[in-house]
Structures are given as C-alpha cells and as structure tokens.
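The values are calculated or read from the model by the stated rules, or taken from the named source; none is laboratory data. Given the structure is predicted, the values throughout are model-derived calculations rather than measurements. Cβ coordinates were reconstructed from backbone atoms using ideal geometry, including for glycine residues, and neighbour counts include every protein chain displayed.
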Amino acid sequence: MITPRDIAPEHEQRLIGHLEAREPAYIERLRKLVDQNSGIDNPEGRLACLVQLENVYKMLGFSCERIAKPGEMVHLVARRPALGKGAATAPKILILGHFDTVYDANTTFLSFTREGPWLRGPGVGDMKGGLVVAQAALEAINSIGQLGEFDWLCVHNADEEVQSPTSRDLIEQLAVGRDFCLDFEIGRKTGAVVRSRAGVGRYFITVHGKAAHAGMDHSAGVNAIVGMAKIIEKIAGLGDAARGTTLNVGTIHGGTKRNIVPDQCKIEVDVRVLTTKEGARIDAEVRKICSEAPVTGARVDVLGGIGRPPWQRNEPSEALVFHFQTVARAFGIVLGAEDTGGGSDANFTAALGIPTIDGLGPIGEGPHTFEERIEAHSIVERAKLVALAVLSWTRPQPIELN
C-alpha cells in the first residue's frame with residue numbers, strides 16, 4: 001500500500017488554480033493536435049504532432065531526442081532528470097502516450113469541434129487529449145516549483161495503432177528501472193482508469209492456390225478461397241469465452257473474377273487473450289492449422305503473433321491504482337478501475353513488472369469511430385488528479401489483491 005505524503009495546502013491551491021485558469025489554453029492546444037492528421041499513411045502529419053509536443057517539453061526544460069525507425073516512424077523521447085540533493089533517490093516516472101491515430105489522411109473525419117460540454121474530433125481521446133493532460137500535469141507541477149523533485153522520462157511513439165512494431169523495444173528498454181508508469185489513453189466513459197488489459201495478437205494468413213478457367217479447366221485449378229474457408233472455420237473455433245479468448249476474422253480478400261479459380265486469398269485475424277499461457281496456446285494452434293494444406297495443392301503463409309503481452313492484475317499496479325483512488329477520494333470523486341479487452345503500450349510495462357496505470361486521459365467515448373469525443377472539463381480534472389497523485393506518491397508497501 002502507498003501511504004500518501006502531504007502536500008502543502010498553498011501548493012495544492014496554486015496548482016489547482018493554475019490548471020483551471022489555463023483550461024482554454026489546453027483546449028486550444030488539443031485543437032491544434034487534432035486538426036493535424038497523424039494517421040499511419042501520413043508521416044509528415046505525425047512529425048508535425050511530434051514537434052508540437054517537443055516544443056512544450058523544451059519550455060519545461062526537458063531534453064528531447066527523436067528516434068527514427070523504419071517505415072518513416074519517428075518517436076519522441078523527452079527527459080528531465082531530478083535536481084538537487086534528493087536527485088539520487090527521486091521517484092523515476094515513465095510517461096507513455098502515442099500521437100498516431102487510426103484515421104488516415106483521406107478520412108472525412110478530420111477536424112476538431114466543440115459541442116456544448118463535449119470536444120469531438122479524430123484522436124481527441126485516443127490519445128491526443130491524453131497527451132495534453134500529461135503535459136498539463138507537468139506544467140502544473142512546474143508552477144509550484146517541484147518538477148525537479150522527480151526524474152521524468154516521456155516516450156511518445158508514432159506507431160501504437162499498429163501495435164507498436166518499431167517502438168516496443170524502445171519502450172521496454174527505457175522502462176527498466178522506472179518506479180511507475182503512467183499511460184494516458186482515453187479514460188473510460190464511466191470516469192474509470194484502467195488496471196489491466198488483454199493481450200493482443202494479429203495474424204496475416206495467405207492461402208496460395210492455382211488459377212485456372214472456371215469452365216474449361218476447373219480441375220486444373222486450386223481454389224484458394226475454398227482453402228481459406230476451411231482455415232477460417234478452424235480458427236473461429238479456437239475462441240473460448242470462459243477463458244476470455246476471442247479470435248475475429250476481420251478482413252478477407254481473394255480472387256479476381258467470377259470465372260477464374262482464385263489463386264490467392266488473404267485474411268487478417270485479431271486475437272485477444274487474458275493470460276500469457278493462453279496466448280502461447282493460441283499461437284501454437286494457429287500455426288498448426290496453417291501448417292497443413294487446407295486443399296490439395298495449396299500452400300499457406302502465416303505472419304504475425306501475439307504482439308502485446310497480457311497485462312494481468314498484479315500487486316504493484318494495484319497499489320498504484322489504489323493510490324490514485326485515494327487522491328481522487330479526497331476531492332469527493334469515486335475513481336473506478338476497469339479491466340479491458342483493448343491493448344495499449346501499458347501492456348509492455350506491466351508485463352515487465354513495473355507498476356502501471358492507464359486510462360489517465362480525459363473521460364470520453366467512441367474511440368476509433370467518427371463519434372469520438374471527450375468531456376471538455378475532464379482535461380483539467382485529469383491533470384489535477386495526475387499532478388496531485390504524483391506529488392503525494394511514496395514507495396509502496398505490499399498489498400493483497402481481493
């Protein structure tokens with residue numbers, strides 16, 4: 001259990017006043033981020049978002065490094081070590097947050113709008129709103145002169161929405177030795193934070209057959225679609241509701257014309273598992289299914305795997321969540337904590353045993369849809385929670401899970 005340390009009342013009041021006075025500025029900062037498309041097909045847009053984040057960090061005295069990876073992926077690492085006599089024992093904090101979105105550059109959902117208490121737009125919750133919350137919390141801590149009492153490491157990646165293939169190693173390497181990790185994915189619509197996530201996998205399966213005229217030479221062909229149909233049936237049968245395991249065949253592409261035996265068929269499969277053991281079982285079963293020709297003469301290729309390890313509830317993360325709930329309770333807020341089937345980069349840190357809390361972004365709903373939106377005032381409310389929880393954090397004593 002974490003025993004919160006006291007915050008001087010005058011510091012708390014100044015911090016809260018700083019955040020509340022700057023709410024319009026945070027909303028304007030978010031507008032600029034949201035209006036800049038940063039989809040997977042838009043490397044220039046992603047870089048423009050990185051620059052906006054970088055500028056704020058530099059104003060706060062952080063050193064910034066751009067990490068270039070294949071596929072025109074550029075990630076941002078911002079550091080500010082602790083200062084003063086207590087630097088050696090200062091809490092080491094990791095902040096995570098991606099600036100890519102699922103919305104491509106040619107989407108019709110492109111701009112930021114305000115509708116009463118709601119802010120709407122592509123990535124407004126997932127997770128540009130979370131990035132604004134994180135930086136607002138840092139600015140608030142800085143406003144009372146205590147930013148230097150912590151060792152900060154902030155990692156912002158450009159490829160989270162495609163399972164972080166070029167940033168996973170970076171995140172895992174930098175996470176080592178951190179006291180805890182704060183991830184700023186969108187808060188649940190109930191206001192809850194996230195305490196565990198499913199493991200996530202993707203498989204790209206291709207059946208190679210042989211083309212032939214469907215009428216004159218049908219027997220000479222090898223129908224890749226028929227072969228894939230048999231594979232799909234087996235893969236769909238691997239799901240297990242009792243174990244929380246789902247497999248979803250999300251896309252299928254095959255064939256060229258009605259009167260040609262199709263020589264190729266491709267599918268993409270989404271997998272969700274709750275335990276590492278279950279992930280290993282599914283991976284082995286999928287590969288076994290694909291190792292056998294579904295129809296005579298066909299060949300099967302399979303790529304992918306379990307890209308995000310499951311984040312199972314654990315004592316260190318539970319203590320961190322409880323600490324945030326304690327801080328929220330002091331303001332009359334009942335802060336819930338949820339388990340979710342969605343994955344994030346927090347899966348990586350939690351799997352390494354680092355105390356992790358996620359869903360610290362603004363309260364919202366509809367991520368990955370054209371209805372994505374957040375509650376405007378929750379930007380400041382979440383920043384208050386994060387800043388005060390960090391300032392009052394002390395190294396925890398063990399607790400038992402319920």
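What to note about this one:
- Some residue of the stretch 47-59 being in contact with a Cys (Cβ under 6 Å, 6 or more places away or on another chain) and hydroxyl-bearing (S, T, Y): yes
- Check on A346, without any contact (Cβ under 8 Å) to a residue 24 or more places away in the chain, farther than 30 Å from Q13 by Cα and either of a type outside the set (S, T, Y) or buried (at least 20 other Cβ atoms within 10 Å of the Cβ) (or both): no
- Residue selected from the stretch 8-48 under the condition within 19 Å of the chain's Cα centre (by Cα) and among the hydrophobic types (A, V, I, L, M, F, W, C), by the criterion modelled with the lowest pLDDT: I40
- Residue list for the stretch 94-111, restricted to those being more than 14 Å from P43 (Cα to Cα), surrounded by fewer than 18 Cβ atoms within 10 Å (Cβ to Cβ) and either of a type outside the set (F, W, Y) or outside the structural domain of V155 (by TED's automatic domain parsing) (or both): T107, T108, L110, S111
- Residues located in the stretch 10-23, provided they are touching a residue at least 12 places away in the same chain (Cβ under 8 Å) and in a helix (DSSP H, G or I): H11, E12, R14, L15, I16, H18, L19, E20, E23
- Residues located in the stretch 277-293, provided they are assigned to a helix (DSSP H, G or I) and not acidic (D, E): K277, G279, A280, R281, I282, A284, V286, R287, K288, I289, C290, S291
- Flag if Q146 is at pLDDT below 95 and either within 25 Å of Q52 (Cα to Cα) or charged (D, E, K, R) (or both): no
- Hits in the stretch 157-196 (condition: within 23 Å of E375 (Cα to Cα) and either among the hydroxyl-bearing types (S, T, Y) or surrounded by 23 or more Cβ atoms within 10 Å (Cβ to Cβ) (or both)): L182, D183, F184, E185, I186, G187, T190, V193, V194, R195
- Pair list, Cβ under 6 Å, 6 or more apart: the stretch 210-230 residue farther than 11 Å from C265 by Cβ, other residue assigned to a helix (DSSP H, G or I): A212/A220
Okay, residues lined up against (1) surrounded by 14 or more Cβ atoms within 10 Å (Cβ to Cβ); (2) modelled with pLDDT of 95 or more; (3) polar (S, T, N, Q); (4) in a helix (DSSP H, G or I):
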| site | (1), (2), (3), (4) |
| --- | --- |
| D6 | no, no, no, no |
| L50 | yes, yes, no, yes |
| E65 | no, yes, no, no |
| L76 | yes, yes, no, no |
| R79 | yes, yes, no, no |
| G84 | no, no, no, no |
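- Boolean, L247 is surrounded by 14 or more Cβ atoms within 10 Å (Cβ to Cβ) and in a loop (DSSP other than H, G, I, E, B): no
- The numbered conditions (1) farther than 18 Å from L182 by Cα; (2) touching a Pro at 6+ places or on another chain (Cβ under 8 Å); (3) among the acidic types (D, E) are all true for E315 except (1).
- Counted residues, the stretch 299-319 - those being farther than 21 Å from A280 by Cβ and surrounded by 23 or more Cβ atoms within 10 Å (Cβ to Cβ): 1
- Taken together, the residues in the stretch 239-266 that are among the aliphatic types (A, V, I, L, M) and either in contact with a helix residue (DSSP H, G or I) (Cβ under 6 Å, 6 or more places away or on another chain) or on the phi > 0 side of the Ramachandran plot (or both) amount to 2.
- Residue match in the stretch 92-103 (condition: more than 25 Å from S378 (Cβ to Cβ) and either modelled with pLDDT of 95 or more or assigned to a helix (DSSP H, G or I) (or both)): yes
Here's the yes/no breakdown for (1) part of a helix (DSSP H, G or I); (2) in contact (Cβ under 8 Å) with a residue 40 or more places away in the chain; (3) not assigned by TED's automatic domain parsing to the domain that holds F109:
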position	(1), (2), (3)
A25	yes, no, no
R29	yes, yes, no
D41	no, yes, no
E44	yes, no, no
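- Test: residue in the stretch 339-353 that is touching a Gly at 6+ places or on another chain (Cβ under 8 Å), part of a helix (DSSP H, G or I) and not assigned by TED's automatic domain parsing to the domain that holds A284: yes
- Filtering the stretch 203-239 to residues that are touching a Leu at 6+ places or on another chain (Cβ under 9 Å) and surrounded by 15 or more Cβ atoms within 10 Å (Cβ to Cβ) leaves Y203, I205, T206, I235, L238, G239.
- Any hit, the stretch 310-320, residues being in a strand (DSSP E or B), touching a strand residue (DSSP E or B) at 6+ places or on another chain (Cβ under 6 Å) and either farther than 29 Å from A387 by Cα or not charged (D, E, K, R) (or both): yes
- From the list D179, D169, the one residue that fits, being of a type in the set (D, E, K, R) and without any contact (Cβ under 8 Å) to a residue 60 or more places away in the chain, is D169.
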